[in-house]
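No value in this document is a laboratory result; all are computed from the given coordinates. All values derive from a computational prediction rather than experimental measurement. FYI the Cβ positions are ideal-geometry reconstructions off the backbone, even for glycines, and counts take in every protein chain you see.
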Amino acid sequence: MFKGDYTYNTSGDIIVKTTGISSPVKLFNSTGQMEILDVDEDNRVMVVKRSLTGDVTSTYATIDGDQITFEPSTITKAVTLLVEYGIVTVTCSASGKIYGDKTIMINETYNGTFAGQGAFLNVSGTVSGDNILTIAKRNED
């Protein structure tokens with residue numbers, strides 16, 4: 001039911017905490033292609049995401065009926081904090097559900113670190129967020 005090619009969009013918000021100050025940060029939308037592949041193991045698949053910006057990530061997931069649970073994976077993303085940007089490195093946990101064999105809604109949780117760039121070069125902090133949503137629609141054959 002899940003295996004196949006999809007077009008996805010990921011968006012959401014995280015909290016970056018630096019020197020005791022919590023700042024909400026909107027993630028840059030990530031759009032691209034997602035492929036769910038059979039790995040010849042019961043109820044286990046590989047999920048490969050290729051964003052339009054050229055980023056490629058892969059992880060494994062377990063399928064149980066209409067539910068999919070992803071193994072935790074580490075990802076890196078650029079974010080804008082105030083007027084400068086930084087890099088977050090987070091462990092992503094996710095689970096989702098397929099609707100009508102065509103649309104998967106995936107809820108993601110991020111926990112990790114922030115490293116500043118530019119004027120914030122020496123700024124570091126922590127990152128958390130449970131308001132990240134990926135919508136994936138099956139590509140037509």
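Each Lys or Arg adds one and each Asp or Glu takes one away; over the other residues whose Cβ falls under 10 Å from the Cβ of THR57, this sums to +1. Taking 0.36 nm per residue of separation and subtracting the current Cα-Cα distance, fully stretching the chain between THR113 and TYR99 would add 1.7 nm.
Using only alpha carbons, the stretch 1-85 has a radius of gyration to Kirkwood radius ratio (Rg to Rh) of 1.07.
Taking Cβ atoms as reference points and 11 Å as the exclusive limit, the residues near TYR110 contribute a net charge of -2, counting Lys and Arg as +1 and Asp and Glu as -1.
The length gained by stretching the chain between ALA78 and ASP55 to full extension, at 0.36 nm per residue less their Cα-Cα distance, is 7.1 nm. Distance between the 7 Å Cα→Cβ label points at SER124 and ASP5: 4.2 nm. Backbone amide hydrogens, once placed in the peptide plane, bring ASN139 within less than 5 Å of ASP5, TYR6, THR7, excluding anything fewer than 5 places away on its chain.
Work from the charge dipole of the chain (Cβ charges, +1 for Lys and Arg, -1 for Asp and Glu, about the Cα centre) and give the residue of GLN117, THR91, SER73 farthest towards its positive end. Working it through, the farthest residue towards the positive pole turns out to be GLN117. Pairs LYS17/LYS97; LYS17/LYS77; LYS77/LYS137; LYS3/LYS97: which are spaced more than 21 Å apart, C-alpha to C-alpha? From LYS17/LYS97; LYS17/LYS77; LYS77/LYS137; LYS3/LYS97, over 21 Å: LYS17/LYS97; LYS77/LYS137.
Evaluate E = 1/(1 + (r/R0)^6) for ILE21 and ARG44, where r is the Cβ-Cβ distance and R0 equals 41 Å; express this FRET efficiency to the nearest 0.05. With a Förster radius of 41 Å, E is 0.50.
Only Lys, Arg, Asp and Glu carry charge here, each on its Cβ (+1 for the first two, -1 for the last two); on that basis the chain has a dipole of about 560 debye about its Cα centre. Karplus couplings for the stretch 127-139 from phi (6.51 cos²θ - 1.76 cosθ + 1.60, θ = phi - 60°), rounded to Hz, Gly and Pro as x? Once θ is set to phi - 60°, the couplings for the stretch 127-139 become 10, 8, x, 10, 10, 10, 10, 10, 10, 10, 10, 4, 6 Hz. Extension gain for GLU35-ASP13 works out to 5.5 nm (0.36 nm per residue, less the C-alpha to C-alpha distance).
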